[in-house]
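Inspection log for the structure reproduced underneath, given as structure tokens.
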Amino acid sequence: MRKSATFAVLAAAVAMGGLAAPAAQADGYGDTEIKSVVVNGTGKVAVGTSAAKTFTVKVTASDDSGIKAADLYLDGPSYGYLQPTQKVSCVASNATTSTCTGTFTVDPDVDFIDNSPAGTWYVSAWVDANDGDYFTTDKAGSFAMQRYSKLTVNASPEPVKKGRTITVTGALTRANWETGAYAGYTNQSVKLQFRKKSSDTYTTLKTVTTGSGGALKTTVTASEDGYFRWNFAGTSTTPAVKAGGDFVDVQ
């Protein structure tokens, strides 16, 4: 089997309703509090089909006595769950406040049996203070676990006479964690953009919807030398992506 037997059992349990997402909980004692949570620096983690992705979760917390330690784990849709790969470390910025960092690794070939974990994940945190105070919550912060995306472009013919038709094609695909391959992302709006040879700025010409296999195709009239690209804004489960510009020489 490509995936571990453990996750096969989890998937079966989810399908039968055996694993229900717990209600959000928070508890504490004293004046310990969480100030901020930052995941991967961006609040998004994009995972491909094979390579493991390592990222950090930084939780900043405070207490009048200072922060002693913290425990972190990540909880996502369906069977999504990750533990830190090493002990969470806390570094004080002053006498009361520390930033506690956990390192996590997600391997799509091991941790995901299908695409159901894509979506909103939550950071569960337990923070201990030096004076015995503590604070714990199942939803200290949230982030998006996304299926890595790719976007191609081809503008032809090259070169082309001014006033003739240019056909611009491409494809939008994203990681399929169940098959371990990239698959077309259909029914998505993608912008066709153009940058003049003498400019650094792209402008949007039109919006096209992806078809079967994530295919993109449209035509424009050749007017001047420049670069064509596709630009996808992204969704909650799929990151934004831009194709590299394809240059067309207009004669």
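Values for this structure:
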read-out	value
Among the residues listed as Tyr134, Tyr148, the single one being open to solvent by 30 Å² or more (accessible area, probe 1.4 Å) and out of contact with any Pro (no Cβ under 9 Å at 6 or more places or on another chain)	Tyr134
Test: residue in the stretch 177-191 that is in contact (Cβ under 8 Å) with a residue 60 or more places away in the chain and touching a helix residue (DSSP H, G or I) at 6+ places or on another chain (Cβ under 7 Å)	yes
Those residues of the stretch 46-82 which are in contact with a strand residue (DSSP E or B) (Cβ under 7 Å, 6 or more places away or on another chain), over 25 Å from Asn130 (Cβ atoms) and outside any strand (DSSP E or B), in sequence order	Gly48, Thr49, Ala52, Gly76, Pro77, Gly80
Residue within the stretch 110-133 that is farther than 30 Å from Ala215 by Cβ, among the hydroxyl-bearing types (Ser, Thr, Tyr) and touching a residue at least 40 places away in the same chain (Cβ under 8 Å) present	yes
Count - residues of the stretch 104-134 that are farther than 12 Å from Gly76 by Cβ, in a strand (DSSP E or B) and either hydrophobic (A, V, I, L, M, F, W, C) or at pLDDT below 95 (or both)	4
Long-range neighbours under 7 Å by Cβ, at least six apart or interchain, first residue at pLDDT below 95 within the stretch 232-243, second of a type in the set (A, V, I, L, M)	none
The stretch 54-65, residues that are open to solvent by 70 Å² or more (accessible area, probe 1.4 Å) and of a type in the set (D, E, K, R)	Lys58, Asp64
Output for the stretch 83-98, where each listed residue is part of a strand (DSSP E or B) and exposed (fewer than 14 other Cβ atoms within 10 Å of the Cβ)	Val91, Ala92
Residue satisfying condition, being touching a residue at least 24 places away in the same chain (Cβ under 8 Å), in a strand (DSSP E or B) and closer than 24 Å to Ala233 by Cα, within set Thr152, Thr137, Thr101	Thr152
Members of the stretch 99-110 that are open to solvent by 30 Å² or more (accessible area, probe 1.4 Å) and closer than 12 Å to Ala51 by Cα	Thr105, Asp107, Asp109, Val110
Pairs with Cβ under 8 Å, 6+ apart, first in the stretch 40-68 and within 25 Å of Ala183 (Cα to Cα) and in contact (Cβ under 8 Å) with a residue 60 or more places away in the chain, second open to solvent by 50 Å² or more (accessible area, probe 1.4 Å) and part of a strand (DSSP E or B)	Gly43/Ser142; Val45/Lys53; Ala46/Lys53; Val47/Lys53; Thr49/Tyr182
Residues that are at pLDDT 95 or above and either crowded, with 17+ Cβ neighbours inside 10 Å or in a loop (DSSP other than H, G, I, E, B) (or both), drawn from the stretch 194-213	Phe194, Lys197, Ser199, Asp200, Thr201, Tyr202, Val208, Thr210, Gly211
Residue check for Lys191: charged (D, E, K, R), farther than 28 Å from Ala51 by Cβ and buried (at least 17 other Cβ atoms within 10 Å of the Cβ)	yes
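Conditions tested, residue by residue: (1) open to solvent by 50 Å² or more (accessible area, probe 1.4 Å); (2) farther than 30 Å from Gly80 by Cα.
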| position | (1), (2) |
| --- | --- |
| Asn176 | no, no |
| Gly184 | no, no |
| Pro239 | no, no |
| Asp246 | no, yes |
| Gln251 | yes, yes |
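The values are calculated or read from the model by the stated rules, or taken from the named source; none is laboratory data. Computed from a predicted structure; not experimentally measured. No Cβ is skipped: glycine too gets one built from the backbone with ideal geometry, and neighbour counts run over all protein chains shown. Side chains are part of the model used for accessible areas, which takes the heavy atoms of the whole protein and leaves out ligands, DNA and RNA. Shrake-Rupley method; radii C 1.70, N 1.55, O 1.52, S 1.80 Å.
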